[in-house]
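The values are calculated or read from the model by the stated rules, or taken from the named source; none is laboratory data. Not measured: the values here are computed from a predicted model. Counting neighbours? That spans all protein chains shown, and the Cβs are built from the backbone with ideal geometry, glycine included. The area values use the complete protein model at the heavy-atom level, side chains included, leaving out ligands, DNA and RNA. Shrake-Rupley method; radii C 1.70, N 1.55, O 1.52, S 1.80 Å.
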2 protein chains.
Amino acid sequence: MTNSSADQQNTHSKLEEMGRAARAAARQMARADTAAKNRALAAIAARLDAQRDEILRANEVDMQAGRDNGLDAALLDRLALNDARVDAMIEGLHQIAKLPDPVGEIEDLKYRPSGIQVGRMRVPLGVVGIIYESRPNVTIDAASLCLKSGNATILRGGSEALHSNGAIAACIAAGLREAGLPETAVQVVDTRDRAAVGAMVSMPEYVDVIVPRGGTGLIQRISREARVPVIKHLHGVCHVYIDDRADVEKAFDIALNAKTHRYGVCNAMETLLVADGMASRLLPRLAEAYREKGVELRGCERTRKVLTDCTPASESDWSEEYLAPVLAIRVVDHLDDAMDHIARYGSGHTESIVTEDYGRARRFLAEVDSSSVMVNASTRFADGFEYGLGAEIGISTDKIHARGPVGLEGLTSQKWIVLGDGHIRR
Amino acid sequence: MTNSSADQQNTHSKLEEMGRAARAAARQMARADTAAKNRALAAIAARLDAQRDEILRANEVDMQAGRDNGLDAALLDRLALNDARVDAMIEGLHQIAKLPDPVGEIEDLKYRPSGIQVGRMRVPLGVVGIIYESRPNVTIDAASLCLKSGNATILRGGSEALHSNGAIAACIAAGLREAGLPETAVQVVDTRDRAAVGAMVSMPEYVDVIVPRGGTGLIQRISREARVPVIKHLHGVCHVYIDDRADVEKAFDIALNAKTHRYGVCNAMETLLVADGMASRLLPRLAEAYREKGVELRGCERTRKVLTDCTPASESDWSEEYLAPVLAIRVVDHLDDAMDHIARYGSGHTESIVTEDYGRARRFLAEVDSSSVMVNASTRFADGFEYGLGAEIGISTDKIHARGPVGLEGLTSQKWIVLGDGHIRR
């Protein structure tokens, strides 16, 4: 056996051991009461505050290594911790403590003709594996959501954040201990070996679901290798369709906000679809506003008849997630055209129609198959906080189990409960 | 290329073509209105009735081939169609037509502080692949549930039922056509090549979810190979725990019913757990009733102190799904013992506690991690009809997406809808 495969073997055994411990902890977490879970969240927050200097020192080790290894500025920014970011983690913990506990909630308990009462009780999933990239604050976000929803979790952060995550993990373990909960309810993988990811996603006996957070490459690799269900957040190629019965002012505001409110986010608009009858009224004014914000426009031929100096869009622009001040624009004949374009090029994340026409709004809502579908609102609203989930672990573009922003509920399942009084089946 | 790999290649291309057609049909089915779907269900029922002789003749071809190939009596019984079974299929179609349409249902539509209204709309999953074994009536059950829930479906039945399924498929296609829905909304795979299963479970671009119905071997194979989410129904090792605070009469009735109401079903009790304080009061009388019904008992040592002529249970009995008149019995110290036994040996299907103690009932409900958890009721109630789902496509022992009996709702997903009036994110 070569060294490298011996290493892999070690990593695999280690992950299996973590999986076994997580499975055992999950049973305890599932029956932990709300008060204990909230106590743990508060204790972790207090530890983060007390250990602030250690955390920032550990982060500085990661930052130095990152600089030495030539990480780019964006990556270094995501990796960096400072007082404000530690404060935000602490605030997040307090917010999650305030959210209602989803576990044990019973829905639709009704009597059946046989006399039994049947309903559904919300329960934790069990063991949640989270695989993410450089940002160390995800360690706290993910741990706290899993903890509140009664799950055990195994966290595998980016190897460039190893020291930062280690310091944060120590605070989490101490907080769990203080609250009388098992320390192994949150375990942070502390090896750089990439085989850890492969091991995590192939232990269905120990891991109930994997939530990958990161770039498309990471997520595709995990989906390919996984023997465990994956709740994945792929890319967001979001569309706004401006109908010819749109209110021009609303259309202008929404199209501008959806593109320029923030660029590097998955719910930013990447392609603007405009009904032919609206193009000449709206596009020139909108183009000027985009230009002021420094947004590069790439248009179809009909767009370029109205905006003569617009760059021509190529076929690949329609499926591009720019995450940047770039916007593709296409002029379409009518609603059906717009929906066909979305079905063909969209990523199923978020689409919005701007129209005053009741029937068209109703059709768009019913027929567009995306995790969020909107009428007369900016795609930027597609977000767990805006939807009232309190927090989110990601935005799922899957249709199975959880779709759109995933909060505490997405980290739970349900079981059927039956209450009888000696009832037997006749 | 050998012949066999050329065949596999053909099967793969064929399945891909079916997948593409299903994906296109799914978009039409998703927007089909309730009336059209119900019309299709009624038209299929009428066709089944009109084509009854052709169906029975096709079935006779399968039966003859089955007898020639030496299929065992149980398999032949599952394969056989007769007038009563065709009537049951027709009745099933009418029942599903009567169920409320889940598609388009909107939940929890509320105003958020930003002024937008946010809710969740129920939508079809898209393309559902069903892989099943010999019973041809599953073709109708599965097709009708998928149709009503607005999905397209690809059905792969047992190769021994090829002619029967072909005749039924012709009725389904005719019914869809009559209702103005795409014929490709329900496609039946008509090849014996087992590569069809491998192809179906590895086309995530065309198939959204796979529901296998059949033996554990089939389901494990599919879970291993699948690149598509699987809603699986593994085995049912169901437990009844008789607490020492149980009402003896209720305990007797439930323990007898859960074992003897039907033997070959997944919600039959396979292991009886009895609290030590209850064993001598209950077991002798119960053993006599079981013996009258011809149930073989296999007991732990403490059971055999009370039932001296009981066969000793071996370690493997605790995880056995007998599906037969055999019962394993274990005497335990108390509730925690019983729950430990269930966590260790159970399959997460259905467990019931018999007790008059409020606190213990509450703990059992909260802590036992199975798709159905019951108090003072027979495990035989774990069933879509008994729970009020109207029909079921199977009983999921997964925790992701759908758990327990899966009806129309389990074949749907949700999307978020946002209603605004020009709202932008500040």
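Would you check which residues across region B:362-374 are more than 7 Å from chain A (Cβ to nearest Cβ) and surrounded by fewer than 21 Cβ atoms within 10 Å (Cβ to Cβ) and list them?
B:Arg362, B:Arg363
On the basis of being out of contact with any Ser or Thr (no Cβ under 6 Å at 6 or more places or on another chain), within 14 Å of chain A (Cβ to nearest Cβ) and either on the phi > 0 side of the Ramachandran plot or open to solvent by 30 Å² or more (accessible area, probe 1.4 Å) (or both), does B:Ala289 make the cut? Walk me through how you get there before you give the answer.
Details: out of contact with any Ser or Thr (no Cβ under 6 Å at 6 or more places or on another chain): yes; within 14 Å of chain A (Cβ to nearest Cβ): yes; either on the phi > 0 side of the Ramachandran plot or open to solvent by 30 Å² or more (accessible area, probe 1.4 Å) (or both): no.
No; evaluated as a whole, the condition is false for this residue.
Out of the residues in region A:295-333 meeting the condition of being of a type in the set (Ser, Thr, Tyr) and under 27 Å from the mean Cα position of the chain (by Cα), tell me which one is surrounded by the most Cβ atoms within 10 Å (Cβ to Cβ).
A:Tyr322
State which residue is farthest from the other protein chains (Cβ to nearest Cβ) when the search covers only region A:245-265 and only residues that are open to solvent by 40 Å² or more (accessible area, probe 1.4 Å) and touching a Lys or Arg at 6+ places or on another chain (Cβ under 9 Å).
Looking only at region A:245-265, we keep the residues that are open to solvent by 40 Å² or more (accessible area, probe 1.4 Å), and these are A:245, A:247, A:249, A:253, A:261-264.
From the residues that got through so far, the ones that are touching a Lys or Arg at 6+ places or on another chain (Cβ under 9 Å) too are A:245, A:261-262.
Numbers: A:Arg245: 14, A:His261: 5, A:Arg262: 9 Å.
Checking each candidate, the answer is A:Arg245.
Only residues that are in contact with a strand residue (DSSP E or B) (Cβ under 6 Å, 6 or more places away or on another chain) and open to solvent by 10 Å² or more (accessible area, probe 1.4 Å): list them for region A:272-286, please.
Across region A:272-286, the qualifying residue is only A:Asp276.
Is it fair to say B:Val197 is farther than 25 Å from B:Ser13 by Cα and touching a residue at least 24 places away in the same chain (Cβ under 8 Å)?
No: the conditions fail for B:Val197.
Here's the yes/no breakdown for (1) hydrophobic (A, V, I, L, M, F, W, C); (2) outside any loop (DSSP other than H, G, I, E, B); (3) open to solvent by 10 Å² or more (accessible area, probe 1.4 Å):
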{"residue": "A:Met121", "(1), (2), (3)": "yes, yes, yes"}
{"residue": "A:Val128", "(1), (2), (3)": "yes, yes, no"}
{"residue": "A:Asp141", "(1), (2), (3)": "no, yes, yes"}
{"residue": "A:Ser144", "(1), (2), (3)": "no, yes, no"}
{"residue": "A:Ala161", "(1), (2), (3)": "yes, yes, no"}
{"residue": "A:Leu176", "(1), (2), (3)": "yes, yes, no"}
{"residue": "A:Leu181", "(1), (2), (3)": "yes, no, yes"}
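Hey, could you check region B:409-426 for residues that are facing chain A (nearest Cβ under 7 Å) and open to solvent by less than 10 Å² (accessible area, probe 1.4 Å) and say which is farthest from A:Ala377 (Cα to Cα)?
Among those residues, the one meeting the criterion is B:Ser413.
Could you list, in sequence order, all residues of region A:364-419 that are under 15 Å from the mean Cα position of the chain (by Cα) and charged (D, E, K, R)?
Scanning region A:364-419 gives A:Arg380, A:Asp383, A:Glu386, A:Glu392, A:Asp398, A:Lys399, A:Arg403, A:Glu409.
Being among the hydrophobic types (A, V, I, L, M, F, W, C), surrounded by fewer than 20 Cβ atoms within 10 Å (Cβ to Cβ) and either at pLDDT 95 or above or farther than 23 Å from B:Arg135 by Cβ (or both) is the filter here, so list the residues in region B:44-73 that pass it.
Answer for region B:44-73, where residues must be among the hydrophobic types (A, V, I, L, M, F, W, C), surrounded by fewer than 20 Cβ atoms within 10 Å (Cβ to Cβ) and either at pLDDT 95 or above or farther than 23 Å from B:Arg135 by Cβ (or both): B:Ala46, B:Ala50, B:Leu56, B:Val61, B:Ala65.
I'd like to check something: does region A:77-84 contain any residue that is small (Gly, Ala, Ser), touching a residue at least 24 places away in the same chain (Cβ under 8 Å) and buried (at least 18 other Cβ atoms within 10 Å of the Cβ)?
Quick first cut of region A:77-84, residues small (Gly, Ala, Ser) only: A:80, A:84.
Restricting the remaining residues to those that are touching a residue at least 24 places away in the same chain (Cβ under 8 Å) gives none.
Scanning region A:77-84, I find no residue that is small (Gly, Ala, Ser), touching a residue at least 24 places away in the same chain (Cβ under 8 Å) and buried (at least 18 other Cβ atoms within 10 Å of the Cβ), so the answer is no.
Name the single residue, out of those in region A:91-108 being open to solvent by less than 20 Å² (accessible area, probe 1.4 Å) and hydrophobic (A, V, I, L, M, F, W, C), that is nearest to the other protein chains (Cβ to nearest Cβ).
Here the residue is A:Ile96.
Return a yes/no flag: does region A:388-408 have any residue that is assigned to a helix (DSSP H, G or I), open to solvent by less than 20 Å² (accessible area, probe 1.4 Å) and either out of contact with any helix residue (DSSP H, G or I) (no Cβ under 8 Å at 6 or more places or on another chain) or at the interface with chain B (Cβ under 7 Å from one of its Cβ atoms) (or both).
No, because not a single residue in region A:388-408 is assigned to a helix (DSSP H, G or I), open to solvent by less than 20 Å² (accessible area, probe 1.4 Å) and either out of contact with any helix residue (DSSP H, G or I) (no Cβ under 8 Å at 6 or more places or on another chain) or at the interface with chain B (Cβ under 7 Å from one of its Cβ atoms) (or both).
Answer with yes or no whether A:Ala58 is touching a helix residue (DSSP H, G or I) at 6+ places or on another chain (Cβ under 6 Å), part of a helix (DSSP H, G or I) and under 26 Å from A:Asp101 (Cβ atoms).
So A:Ala58 fails the test.
Under 6 Å by Cβ, and 6 or more places apart or on different chains, what pairs join a residue from region B:344-371 that is more than 13 Å from B:Thr397 (Cα to Cα) with one that is open to solvent by 50 Å² or more (accessible area, probe 1.4 Å) and at pLDDT 95 or above?
B:Tyr345/B:Ser319; B:Thr355/B:Arg245; B:Glu356/B:Arg245; B:Glu356/B:Asp247; B:Asp357/B:Arg245
So which residues in region A:188-224 are within 14 Å of chain B (Cβ to nearest Cβ), in a helix (DSSP H, G or I) and aliphatic (A, V, I, L, M), if there are any at all?
Listed by number, the residues that qualify are A:Ile219, A:Ile222.
What is the one condition in (1) under 21 Å from the mean Cα position of the chain (by Cα); (2) of a type in the set (Phe, Trp, Tyr); (3) surrounded by fewer than 18 Cβ atoms within 10 Å (Cβ to Cβ) that B:Tyr111 does not satisfy?
Here B:Tyr111 meets the rest and fails (1).
Collect the residues in region B:1-43 that are open to solvent by less than 50 Å² (accessible area, probe 1.4 Å), more than 27 Å from B:Ser149 (Cβ to Cβ) and touching a residue at least 40 places away in the same chain (Cβ under 8 Å), keeping them in residue-number order.
Correct list: B:Thr11 only.
Considering region A:375-385 alone, what residues qualify as being facing chain B (nearest Cβ under 10 Å) and surrounded by fewer than 21 Cβ atoms within 10 Å (Cβ to Cβ)?
Those that are facing chain B (nearest Cβ under 10 Å) and surrounded by fewer than 21 Cβ atoms within 10 Å (Cβ to Cβ): A:Asp383, A:Phe385.
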